[in-house]
Amino acid sequence: MTVICFANIKGGVGKSSTAAHFIYWLVAIKKKKVIVVDADGQGSTSTWLESLELDIPIHRIIDPDRLAEEIPQLENRSDFLIVDNAGNLGDATRCTLLTAKIAVIPITPSGLDLMSAASAVKMVRQIQNARQGLPKAGIFVNRAIKNTKLLREAQEVITQLGITGFKQVIYQRQAIADCFLQKTTVWGMKGSQEAQEDYHKLFLEILRLAK
């Protein structure tokens, strides 16, 4: 199994939204067997996935000791184990980074988020030094507006962080914002073809990083 975690130092960057869409894409479109660990006390990802009625095991675990113990026990039971972390770099997030093969870091194009991304990358690098390069890490811009200075600045910062910058940007779209309350994903929303294509391209990049 490949353990993929979504992490950042702060909330509100689209971490859970991206994780939920990635899990749906893996299960419903790529036909993969997936286990989910929701390590975020808010439980947004697990709540969203339960509303989609996907036939996948979901484990809500926020205790660092339980995460350290249970993730290795779960990781050989399916194709992918996806972990959505809390919006901080506490002990629970450290535990998942110590077991993950891939760390996905979403940021939004704002000064505060770019600063938080640097802190997240610093932690990832520390763990990579202890784990012979794992987890492989990738960062992408989420909720961006096309052709804006903020987007260009965010992309420039990513090139300076020293980890993989995913080429695909997830743009700010109403269809994505409405999905949670509609109990669906962009693949269940009318007029969301562009959002579907954006996610599809991003998720292919994540899987390539996992090889």
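The values are calculated or read from the model by the stated rules, or taken from the named source; none is laboratory data. This is a predicted model, so every value here is computed, not measured. A quick note on method: Cβ atoms are made from the backbone with ideal geometry, for glycine too, and the neighbour counts reach across all protein chains shown. Calculation scope for accessible area: heavy atoms of the full protein, side chains included, ligands and nucleic acids excluded. Shrake-Rupley method; radii C 1.70, N 1.55, O 1.52, S 1.80 Å.
What the table shows:
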{"quantity": "Set of aspartates and glutamates with alpha-carbon distance to residue 190 below 15 Å, sequence-local pairs under 8 removed", "calculated": "178"}
{"quantity": "Of all accessible heavy-atom area on the stretch 168-211, the percent that carbon and sulfur account for (1.4 Å)", "calculated": "48"}
{"quantity": "Whole-Å distance, taken between Cα centres, linking the stretch 110-136 and the stretch 54-99", "calculated": "18"}
{"quantity": "Principal axes of the stretch 81-202: Cα extent on each, largest first, Å", "calculated": "46, 33, 23"}
{"quantity": "Filtered trypsin sites (Lys or Arg not before Pro), the stretch 7-76: DSSP coil and at most 12 other beta carbons within 10 Å", "calculated": "31"}
{"quantity": "Over the stretch 8-132: Kirkwood hydrodynamic radius from C-alpha pairwise inverse distances, Å", "calculated": "14.9"}
{"quantity": "For the stretch 1-139, with +1 on Lys and Arg beta carbons and -1 on Asp and Glu, the positive-most of 26, 137, 74 along the dipole", "calculated": "137"}
{"quantity": "Per-selection metrics, the stretch 54-116 (Cα): Rg and Dmax in Å", "calculated": "13.4, 40"}
{"quantity": "Whole-angstrom gap from the stretch 8-29 to the stretch 180-203, using each part's C-alpha centre", "calculated": "12"}
{"quantity": "Carbon + sulfur, % of accessible area of the stretch 19-102 - ligands and nucleic acids excluded, 1.4 Å", "calculated": "43"}
{"quantity": "Helical contribution to [θ] at 222 nm, DSSP H n ≥ 4, -39,500 (n - 2.57), averaged over the chain, rounded to 500", "calculated": "-14000 deg cm²/dmol"}
{"quantity": "Within straight-line cross-link reach of residue 122, lysines at Cα separation under 25 Å, skipping those fewer than 8 residues along the same chain", "calculated": "10, 15, 101, 136, 167, 211"}
{"quantity": "Residue-normalised accessible area of the stretch 53-211, given per residue in Å² at a 1.4 Å probe", "calculated": "53"}
